[in-house]
Structure formats: C-alpha cells, structure tokens
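To start, the structure itself, in structure tokens.
The values are calculated or read from the model by the stated rules, or taken from the named source; none is laboratory data. Please read all numbers here as calculations on a predicted model, not as lab measurements. Every residue, glycine among them, receives a Cβ derived from its backbone with ideal geometry; neighbour counts consider all protein chains shown.
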Ligand SMILES: [Zn+2]
C-alpha cells in the first residue's frame, strides 16, 4: 500500500491528530527511510481535556501539549514544524493567507506526498479549515512540482457520501508504535479514550481496543481540476 | 488547580477591582459533542484578553460549585459552574469548572497583564 516517496508532509491542526490519524502510515514511511515532516497548525490551546486527574489548566495546556507533540514526533521519528495558529480559530483566518503560509514550507521541502484532512468531512472546524488551506496550497504549486495529496475523512457518513477511500492502509503491524505515539498525548488521551478505557486497564487490553478502532488509516487521493 | 476556597478566591478577586485588567471567559462542551452523540449540540464561546475594569466582585455558591459575578461600569461578567482555582507564576487568577472526567466546561481568568496570545 505504501509506495516509495521522496518526502512526506503531514498537515493537521492539533497535537494528537498525527498520532490517531496517520501514525501507522508515518511508521511505514520511516521504516523505508522516507523523511516525514509534520506541519502542526496549533498547540491545541483550547482543548477541554486537562488530564484525569487534571494535570493542565488553560494557561499551561499549550506548553504541555507542545511537549507531548515533540515526544510523539520523536516516537514516530518525524520532523515537526509548528505553524503557530490558535486552536479553534483556523476557519476564521484568511484561507489564502494560511495556504500561502503552508506553501512556503512545501516549496522548501518539495514533498512527493502531502497528507491532510478532507474538508467538510473532518468533524472539527479546524480540521476542515486546515485541510482546505492545505489543498489550496498544493493546488497553487506548479503541476510538475505538485505532490500527490491524500485527504482523510472522519465523519460517520464519509463512506456513504464519498465512496470507498482510494487508500485503505492496514496498520495493524505498526500498532505498537501508533499506541506509543497516542499515549505521548497524556493530557488528552484519557478524555479521548475514556469511552473504552477503564482505569487500571491492562496495556494489552487497551491496545486491542485502540487497534480495533484505529488500525485502518484511510485516505482519498485528491483530484485537482485542470 | 485545587478545589475553590471561597474566602481565598474572594480576597484575590478584590485585588483586581477598580483597575484595568484582562479577562479570559470561556464555556465549551467540546468540538466533538454532536459527533459522539447525535442528539447533543456543539456550543461554546470564549473571549480572550477583554480589557475591563470592575467595581464589584463576588464568588457565591456551595458544595464545591460556584458562581462568580464581576460588575462593570456598563454591564457584567458572569460565570457559573466554577469548581477549581489557581494563581499562576505570572500572578494570573484562573477559575475553572471541570466535569467528572477532568474536562474543562467553563473558565474565568483575570490578570493584570494580557494573557498569552
Ligand atoms: Zn484535531
């Protein structure tokens, strides 16, 4: 499923999007020696998960999430660049300005593949807005230099509406790494996994539960008109 | 943060009275509320670094959950559901309400200098 690439750029707005969304694919790329760079839009400063018991507050959360992001990127062995936007506000920024900002990185890195969220099918307004800006950025590049773009949809209905994803990547074999990356996001993970994580749950039971839900990383190959 | 001590919080609030201060006020039920539960609504609001001056400040409540009202020259600032508080190293008063899972539901913060933006 994973082909040879020159350089892969992952573009998501929040620390932890990379771990839940693409950690398995990133691991596969890195195992082949392919460089991967994460452009992380915000520091998730408006997140409401503060750990349980709480380890963060509104003012310490960005510092804590930045450290968690660096730890996860270290586990996944990928570079990270922080774009410096404020959580929850991406959809109110000027789309073109954000796209040009992203394009600066793409022009420098010259990736062969970009991974981002599928606009309108990514649940969180920041996901939709940054996905749209990333697609606009890639669309602005000259066709000869333009990377392939994989868009990730996560709404409940994406399958019915958009059809079968072009890329259905089974990352079961990379689940240990993926779980390790997810667990770097300590302040968030309890809240996000609370639906199926019980206190004191054995690590391998938790792993099975996470594997059940996050072992497929699916993407649509974006079609640019012209 | 620690559970609200009403006397201590009242004392701190009064230190911010009658001078220009910066306020962060927020309520949220998360961006995934209606994704997790179809019948839920996504609601939330925040204002960061509102520059205000209040003439009265009071924290009221019992059993671990509190309301705070700040009286402005031309209006009010109000927060309900406050459970915890702390003062940062920067001397900023943080008040917040958390649910059983430790998730923030409401925040009211006051500072003599702007919050990081
Ligand atoms: Zn996210």
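Things worth noting here:
- All positions within region B:90-103 that are touching a helix residue (DSSP H, G or I) at 6+ places or on another chain (Cβ under 9 Å), facing chain A (nearest Cβ under 9 Å) and in contact (Cβ under 8 Å) with a residue 40 or more places away in the chain: B:103
- Of residues in region B:19-41 being surrounded by 12 or more Cβ atoms within 10 Å (Cβ to Cβ) and part of a loop (DSSP other than H, G, I, E, B), the one farthest from the other protein chains (Cβ to nearest Cβ): B:40
- Any hit, region B:42-64, residues being over 30 Å from residue A:90 (Cβ atoms), out of contact with any helix residue (DSSP H, G or I) (no Cβ under 8 Å at 6 or more places or on another chain) and surrounded by 19 or more Cβ atoms within 10 Å (Cβ to Cβ): yes
- Remark: pairs (first residue in region A:1-25, on the phi > 0 side of the Ramachandran plot; second residue part of a loop (DSSP other than H, G, I, E, B); Cβ separation under 8 Å; 6+ apart in sequence or on different chains) = A:16/A:44; A:16/A:185.
- The one condition in (1) within 15 Å of the ligand (Cβ to nearest atom); (2) more than 14 Å from every other protein chain (Cβ to nearest Cβ) that residue A:121 fails to fulfil: (2)
- If only residues of region B:104-117 that are assigned to a loop (DSSP other than H, G, I, E, B) and within 11 Å of chain A (Cβ to nearest Cβ) are counted, the one that is modelled with the lowest pLDDT is B:117.
- Filter result (near the ligand (Cβ under 9 Å from one of its atoms) and crowded, with 24+ Cβ neighbours inside 10 Å) within region A:1-20: A:12, A:13, A:14, A:15, A:16, A:17
- Members of region A:22-68 that are outside any loop (DSSP other than H, G, I, E, B), within 12 Å of the ligand (Cβ to nearest atom) and out of contact with any strand residue (DSSP E or B) (no Cβ under 6 Å at 6 or more places or on another chain): A:65
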